[in-house]
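Worksheet for the structure shown next.
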Amino acid sequence: MARITLNVDGANHTIDADPDMPLLYALRNDLGLNNPHFGCGLAQCGACTVHVDGEATRSCVTPVGSVGSAKVVTLAGLGTPEKPHPLQTAYVAEQVPQCGYCINGWIMTAAALLEKNPKRSDKEIRDGLAGLKCRCGTHMAILRAVKRAAKEMA
Ligand code: FES
Ligand code: FES
């Protein structure tokens, strides 16, 4: 066990944890944040994605001890109900979610992609989101929402 301080959504939190424990467990179990989801636990679905210093990161395979002073942002830190991120607005406008389980991963991955460069071609968007899974098959609605947000962010 070690004493580990994480900066998450702009606030510092100190927890006692095994440094090898996945960041996802710290976020969900120690900090009570429910947006990063446990899907596969093997870096294969993206449901657990958060930003670590702006990079879309699969928290299920990221040891909590490796995060250090990097800034972690979750879906809750991306926008607020009063000031939503353009992707959050677009997901509502396009009525994307079915069960909603995967949505955290799609939005967090797309946000990192568009924040680096919102002027993305269709192929770049598809390639950037290729490693994500949605069992409900909302892929076409997701693409509409990401393109809608990209226009807003450009
Ligand atoms: S739960 Fe992390 S990639 Fe599936
Ligand atoms: S909306 Fe259900 S898994 Fe994607």
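The values are calculated or read from the model by the stated rules, or taken from the named source; none is laboratory data. In this text, all values refer to a predicted model and were calculated from it rather than measured experimentally. Reconstructed Cβ throughout: ideal geometry from the backbone, glycine too, with neighbour counts over all protein chains shown.
For segment 97-154, a residue qualifies if it is buried (at least 19 other Cβ atoms within 10 Å of the Cβ) and more than 18 Å from the chain's Cα centre (by Cα), and exactly one does: R120.
When segment 1-16 is filtered for residues that are touching a Leu at 6+ places or on another chain (Cβ under 9 Å), farther than 22 Å from C102 by Cα and touching a residue at least 12 places away in the same chain (Cβ under 8 Å), the ones remaining, listed by number, are L6, H13, I15. The residue list T89, T80, T57 contains one member that is touching a residue at least 60 places away in the same chain (Cβ under 8 Å) and either within 28 Å of K151 (Cβ to Cβ) or surrounded by fewer than 15 Cβ atoms within 10 Å (Cβ to Cβ) (or both), which is T89.
When the test is whether a residue is under 25 Å from K147 (Cα atoms) and part of a loop (DSSP other than H, G, I, E, B), C40 does not pass it. The single condition from (1) touching a strand residue (DSSP E or B) at 6+ places or on another chain (Cβ under 8 Å); (2) within 16 Å of ligand 2 (Cβ to nearest atom); (3) over 18 Å from I125 (Cα atoms) that V67 fails is (2).
Scanning segment 92-110 for residues being in contact (Cβ under 8 Å) with a residue 40 or more places away in the chain and farther than 16 Å from H37 by Cβ gives a total of 3. Candidates are the residues of segment 17-33 that are in contact with a Leu (Cβ under 9 Å, 6 or more places away or on another chain) and outside any helix (DSSP H, G or I); the one that is surrounded by the fewest Cβ atoms within 10 Å (Cβ to Cβ) is L31.
Contact map, segment 125-154: first residue closer than 15 Å to E94 by Cβ, second residue loosely packed, with under 14 Cβ neighbours inside 10 Å and at pLDDT 95 or above, Cβ cut-off under 6 Å, separation 6 or more or different chains; pairs are C136/C99.
Where helices (runs of 4 or more DSSP H) fall wholly inside segment 61-154, the ranges with 3 or more residues that are more than 21 Å from L6 (Cβ to Cβ) and within 16 Å of ligand 1 (Cβ to nearest atom) are 103-116.
Scanning segment 1-16 finds no residues that are within 25 Å of V146 (Cβ to Cβ), within 16 Å of the chain's Cα centre (by Cα) and assigned to a helix (DSSP H, G or I). When N12, N34 are checked against the criterion of being farther than 19 Å from T109 by Cα and not assigned by TED's automatic domain parsing to the domain that holds I103, a single residue qualifies: N12.
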